[in-house]
Amino acid sequence: MISNQILQNTIDGLNAIARVELCVTDADGKEVASTSPDMENCSGAAVEFAASPADSQEIHGCQYFKIFDEQQLEYILIVGGSGKDVYTLGKMVAFQIQSLVVAYKERFDKDNFVKNLLLDNLLLVDIYSRAKKLHIQTDVKRAVMIIETEKNKDGNVLELMRTHFGGNSRDFVTAVDENNVIVVKELSEGERNKEIEKAARQAEACLMKENVGRIRVSYGTIVNEIKEVSRSYKEARMALDVGKIFFDERDIVAYSELGIGRLIYQLPLPLCRMFIREIFGGKSPDDFDDETLMTINKFFENSLNVSETSRQLFIHRNTLVYRLDKLQKSTGLDLRVFEDAITFKIALMVVKYMKYMETLDY
């Protein structure tokens, strides 16, 4: 269904060109768009015209035209004036609105298809048959991108993204909930990973101009077939969630960059709690003071390099060694040993994951 605003904009433009007053009503004679208050009195005649077998008719000095959507009466166009020229103009306006009905119906059908495709609501045979009917290519490279903003009032972000990606009719922009906008991006030949990264940054830049608050963009891996689009969507969804836990400082996160965070995200919480108890006993990394935590994080950042870490912390090498020895005594883990360092790093990530999941329960 075309929005009333689109119809109003359309007949306003045609009115400026043709210099005739126009009114569009629904099948029950209720006005949906008009260029003149005087046209409001035509609703009664529109109801009578809708019940008649004629497709066009002159009534009380106005031309009436029926506009259908697959044999179903959708709108009635009323053109002020009579005569051959007005009739011809009316036919042209009716044709324009009819074309809009077809275009918006196809857009709705494609949008509905893409939503069901993303959510795995289609059988394999239905995917290809409906894609063929909607003239959607099935064997091109695509990737799914999810855009989340703090402020998505009245679907404004969705319309902004549809306008932004509107230059490429092969891209699909939709939403399956009120929080996120989903872009199914078709990729050209060449360095496709760079292309999807570039598209994500351009979308972010577009929204930043509109002051929509914090923006997060995630995207899945590139798929070759339309049937695999739902997999890329699930990957993008996971990248969005995992990014909030382990990469909070980043606005754009790719599924391929999640690393071990992707595995931790899929662990059940009881198993995580058991793992932390085994590593730290009754303690938790939260019990460490800020100085110890800063030392640990900096040591990991510098790939367990004692000299570089002490230099960046502006402390003597022996001071750093003392802190690491102290940590070893309290936890039993020596961060200078690779295996212990890996265990400690994973434990820190598990604790962060547990904290995040606990906030979702409230």
Taking the stretch 206-225 and keeping only residues that are over 22 Å from Phe246 (Cβ atoms) and open to solvent by 60 Å² or more (accessible area, probe 1.4 Å), one is left with Met208, Lys209, Glu210, Asn211, Asn224
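Residues that are more than 24 Å from Arg107 (Cβ to Cβ), at least 3 per element: which strands (runs of 3 or more DSSP E) completely within the stretch 30-79 meet that?
Of the strands (runs of 3 or more DSSP E) lying wholly inside the stretch 30-79, those with at least 3 residues that are more than 24 Å from Arg107 (Cβ to Cβ) span 56-59, 62-69.
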Listed by first then second residue, the pairs whose first member lies in the stretch 201-229 and is more than 16 Å from Phe165 (Cα to Cα) and in a helix (DSSP H, G or I), whose partner is open to solvent by less than 80 Å² (accessible area, probe 1.4 Å) and of a type in the set (Ser, Thr, Tyr), with beta carbons under 9 Å and at least 6 positions apart or on separate chains, are Ile226/Tyr128; Ile226/Thr138; Lys227/Tyr128; Lys227/Thr138
Checking Gly90, Gly80 in turn, the sole residue that is modelled with pLDDT under 90, under 30 Å from Ala54 (Cβ atoms), open to solvent by less than 60 Å² (accessible area, probe 1.4 Å) and touching a Leu at 6+ places or on another chain (Cβ under 8 Å) turns out to be Gly80
Within the stretch 325-362, residues open to solvent by less than 20 Å² (accessible area, probe 1.4 Å), in a helix (DSSP H, G or I) and over 15 Å from Phe275 (Cβ atoms) come out as Leu327, Ala341
Test: Arg317 is open to solvent by 60 Å² or more (accessible area, probe 1.4 Å) and touching a helix residue (DSSP H, G or I) at 6+ places or on another chain (Cβ under 6 Å) = yes
Residue set Lys115, Lys132, Lys105; condition part of a helix (DSSP H, G or I) and exposed (fewer than 13 other Cβ atoms within 10 Å of the Cβ); output residue Lys132
Those residues of the stretch 166-196 which are of a type in the set (D, E, K, R), under 15 Å from the mean Cα position of the chain (by Cα), open to solvent by 40 Å² or more (accessible area, probe 1.4 Å) and closer than 17 Å to Phe108 by Cα amount to Asp177
Considering residues that are touching a residue at least 24 places away in the same chain (Cβ under 8 Å) and open to solvent by 70 Å² or more (accessible area, probe 1.4 Å), the number found within the stretch 1-20 is 2
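The values are calculated or read from the model by the stated rules, or taken from the named source; none is laboratory data. Just so it is clear, the structure is predicted and the values come from calculations on it, not from any experiment. Using ideal geometry, Cβ is built from the backbone for each residue, glycine included, and neighbour counts are taken over all protein chains shown. Calculation scope for accessible area: heavy atoms of the full protein, side chains included, ligands and nucleic acids excluded. Shrake-Rupley method; radii C 1.70, N 1.55, O 1.52, S 1.80 Å.
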